[in-house]
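Report on one structure; see the data block that follows.
The values are calculated or read from the model by the stated rules, or taken from the named source; none is laboratory data. In this text the structure is predicted, and so the values were computed from the model without any measurement. Cβ placement follows ideal geometry from the backbone for every residue including glycine, while neighbour counts extend to all protein chains displayed. Remember, those area values only see protein heavy atoms, side chains included, never the ligands or the DNA or RNA. Shrake-Rupley method; radii C 1.70, N 1.55, O 1.52, S 1.80 Å.
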Amino acid sequence: MGSSVFVASVEGYTGKSTVALGLLEQLSRRVGRVGVFRPVVRADPSAYGGRDYVLDLLVSRDAVTLSYDDCVGVTYDEVHADPAGALDRIVERYHRVADRCDAVVIVGSDYTDVGTPTEFAYNARIAANLGAPVLLVLNGSGRSPRELQTMTELSAAELKAQHGSLFAVIANRVDGAQVIEDSAAITVEGVLGYAIPEQPLLSAPSLGDLMPAVDGRLLGGDPDLLAREATGFVVAGMTMPNVLDRLFEGAVVITPGDRPEVVLGVAMAHVSAGFPQICGIVVNGGLPLAPQVTRLLEGLGTTMPIVATGLGTHATTTALNSVRGRLTKTSTRKLATAIALFEEHVDGDALLDRLEVARTEAVTPLMFEHQIVDRAVADRRHIILPEGDDDRVLRAADILLRRGVADLTLLGDPLRVNAAAARLGVDIAGAQLLSPFDEKLLERFAGEYHERRKHKGVELEDAREVMSDVSYFGTMMVELGLADGMVSGAAHTTAHTIRPALEVVKTVPGVSVVSSVFFMCLENQVLVYGDCAVNPDPTAAQLADIAVSSAATAAAFGIEPRVAMLSYSTGTSGSGTDVQKVSEATALVKERAPDLPVEGPIQYDAAIDVAVAHTKLPDSLVAGRATVFVFPDLNTGNNTYKAVQRSAGAVAVGPVLQGLRKPVNDLSRGATVRDIVNTVAITAIQAQDLSW
């Protein structure tokens, strides 16, 4: 049985789900199997599929492999009917979860049913019976440090009375100016104390949450954007210029249906680069939009949702103001914000150390992703994304900016990029938007390119045309130090990404070829495969370059390099030109990097399986323990990585380009948003240490 922690509160609306989510993310960095348990659930049959939304959120995270039903204790009705019997069932069901996990996050009840004193006492009894220390979450909104200190002392006393133990307190939703003072107030002897500032987005309802409150129906716009959070309301009872002056990011505009100029003006502002993105419009009074207005909106192509209600302005505003938002599994913007907020204000390592959560030696795919994102956040770099109007790139940019992974420049026509962001409902306000036709930069870049390529017959006018291409433009920004790295390829070929890098950035001295690796994240370890994406049939010298570069890449990402030079034979068991090439390449690697453990030629099974290695190469330092696999040609490498990816369920992160003086990385045209986030993080890490 692993470690466990009980997240509890003494009242409602503390933001306990944010803390539970942050704690879950921290645990997933250290152990491979994280469980979740909810001792008492109360599902709303009219929302969230009839499931407890907090538990539904937590079990949806990649770190949790248990099902929703596995993680349920009892219902409120069961507690009311027989509190002692319910406690017995809770303990039994908890142990079923704990026996299958390295660590468990237990989330207390939500104060939706019974009185506050009774409910906290029952949660304390549960925690004591489960042997789980309590992380207490307090609502710091509007409270002084002294009030928070008093709440901490009273809660600690109640826990002691119920034989529970308090190990940490988090005051959530505090005034940002009081974070340090509040942290000190709740830090009592032997107890860690942290304060997390109020973040309005986390309690903001989505437009989809607001609709039922006014019995609304969707008139137009993208239904998917109903998930966007409303950060406030603008009652449009004034003239259009005054309405425009009052718009803000995420606003919901409330207006009667017979004010077409407001509806059209707000819709146009939504897609304009000079105005904030609007969450949606609620037209009230039961007054339909005129057909001419509807036709105009369709022509604008706006995806902003427009909702109709029969209520009057006052009733609509009152009803909407009464709705409170929740952190759910579909709240992607809230999730990224909540995780970043927790990481910024809570020392996750200190929490886990106090819980005595031992770090596993295995590295799961999720743990590897956490590692690269954490390293990127710790030393933030500036990354260029040339495909600025690609939907996946924009969604990834939103996540990257919220998590603080990198500073971003998106290339493309700013009007088009902003319009695409508005259509998707993503926030890229923190990114620089830059046109590749920017006259000043284009002229500078063309001059640089002309100087570097005039010996190849490139005239200045030709250079101007070349530099207007986003890949060349972005690459030149990296070369001239205007950015630290570039990630491209979501909408372009590998050649389109690599060619500018070869012409402008060039290779590291002593390296003759640009190559690639994939980080192959297996169930409990990460391997490096090279080259699976760039060089069709490398020579022996190029293969040696690939091996040395791949070993350096592995080391840069915390993987101890033990290099296997793969072939269809092991040692001296085979012959032929292909085997000879690998033999020559292995000899060159040993000559260039005498301290690098390398073996070749070697078959894949001998490289990775200890039993096979003992039979074929019993004295090898690499056989059976290889971490870096160098394939003899692209055909073998590409097919092998895809076979392992699909057959073994491995997560393939890459391709990561290596051998360049500055980091430029390629995406698959089938890249997911997650792939883009990971590749940007990797590029940022490469930029942190250009020496490798």
Subject >> Filter result (open to solvent by 40 Å² or more (accessible area, probe 1.4 Å) and either at pLDDT below 85 or outside any loop (DSSP other than H, G, I, E, B) (or both)) within region 122-148 >> reply: Arg125, Asn129, Arg146, Glu147
**OP:** Would you point out which residue out of Leu411, Leu442 is aliphatic (A, V, I, L, M), at pLDDT 90 or above and over 22 Å from Ala681 (Cα atoms)?
**Re:** Leu442
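Okay, residues lined up against (1) within 12 Å of Ser9 (Cα to Cα); (2) assigned to a helix (DSSP H, G or I); (3) modelled with pLDDT of 85 or more:
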{"residue": "Val74", "(1), (2), (3)": "no, no, yes"}
{"residue": "Arg100", "(1), (2), (3)": "no, no, yes"}
{"residue": "Val114", "(1), (2), (3)": "no, no, no"}
{"residue": "Thr150", "(1), (2), (3)": "no, yes, yes"}
Original post:
Are there any strands (runs of 3 or more DSSP E) wholly within region 366-476 with 1 or more residues that are touching a strand residue (DSSP E or B) at 6+ places or on another chain (Cβ under 9 Å) and of a type in the set (Lys, Arg), and if so which?
Top reply: 381-385
**OP:** Can you give me the number of residues within region 591-615 that are surrounded by fewer than 20 Cβ atoms within 10 Å (Cβ to Cβ), of a type outside the set (Val, Ile, Thr) and touching a residue at least 12 places away in the same chain (Cβ under 8 Å)?
**Re:** 7
**OP:** Just need a number here: residues in region 569-590 that are at pLDDT below 90 and open to solvent by 20 Å² or more (accessible area, probe 1.4 Å).
**Re:** 8
Original post:
When residues of region 337-374 are filtered for being at pLDDT below 90, open to solvent by 50 Å² or more (accessible area, probe 1.4 Å) and touching a Phe, Trp or Tyr at 6+ places or on another chain (Cβ under 9 Å), how many remain?
Top reply: 2
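Does Val487 satisfy the condition of being touching a strand residue (DSSP E or B) at 6+ places or on another chain (Cβ under 6 Å) and either under 12 Å from Leu411 (Cβ atoms) or not in a helix (DSSP H, G or I) (or both)? Give the derivation first.
Numbers: touching a strand residue (DSSP E or B) at 6+ places or on another chain (Cβ under 6 Å): yes; either under 12 Å from Leu411 (Cβ atoms) or not in a helix (DSSP H, G or I) (or both): yes.
In short, yes.
Is it the case, given these coordinates, that Ala315 is more than 24 Å from Gln688 (Cβ to Cβ) and surrounded by fewer than 20 Cβ atoms within 10 Å (Cβ to Cβ)? So that I can check it myself, show each step before the final result.
Details: more than 24 Å from Gln688 (Cβ to Cβ): yes; surrounded by fewer than 20 Cβ atoms within 10 Å (Cβ to Cβ): yes.
The answer is yes for Ala315.
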**OP:** Kindly list, by first and then second residue, each pair from a residue in region 1-23 that is under 18 Å from Ser155 (Cβ atoms) to a residue that is in a loop (DSSP other than H, G, I, E, B) and among the charged types (D, E, K, R), limited to pairs with Cβ atoms under 8 Å and residues at least 6 apart or on different chains.
**Re:** Gly12/Asp110; Tyr13/Arg324; Lys16/Asp110
**OP:** Output the qualifying pairs, or none if there are none: Cβ atoms under 7 angstrom, residues six or more apart or on different chains, first residue in region 40-58 and surrounded by 14 or more Cβ atoms within 10 Å (Cβ to Cβ), second residue at pLDDT below 80 and among the aliphatic types (A, V, I, L, M).
**Re:** Arg51/Ala43; Asp52/Ala43
Subject >> In region 284-320, the residues that are touching a helix residue (DSSP H, G or I) at 6+ places or on another chain (Cβ under 9 Å) and part of a helix (DSSP H, G or I) >> reply: Gln292, Val293, Leu296, Leu297, Leu300, Ala315, Thr316, Ala319, Leu320
Original post:
In region 568-679, which strands (runs of 3 or more DSSP E) lie fully inside it and hold 1 or more residues that are within 33 Å of the chain's Cα centre (by Cα)?
Top reply: 628-630, 651-658, 664-666
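Can we say Thr683 is under 23 Å from Ala541 (Cα atoms), open to solvent by less than 20 Å² (accessible area, probe 1.4 Å) and at pLDDT 90 or above? Let's see the steps before the verdict.
Numbers: under 23 Å from Ala541 (Cα atoms): no; open to solvent by less than 20 Å² (accessible area, probe 1.4 Å): yes; at pLDDT 90 or above: yes.
So Thr683 does not fit the description; no.
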Original post:
Say we look at region 244-278 and pick out the residues that are open to solvent by less than 20 Å² (accessible area, probe 1.4 Å) and in contact with a Ser or Thr (Cβ under 7 Å, 6 or more places away or on another chain); which of these is nearest to Val426 (Cα to Cα)?
Top reply: Gly250
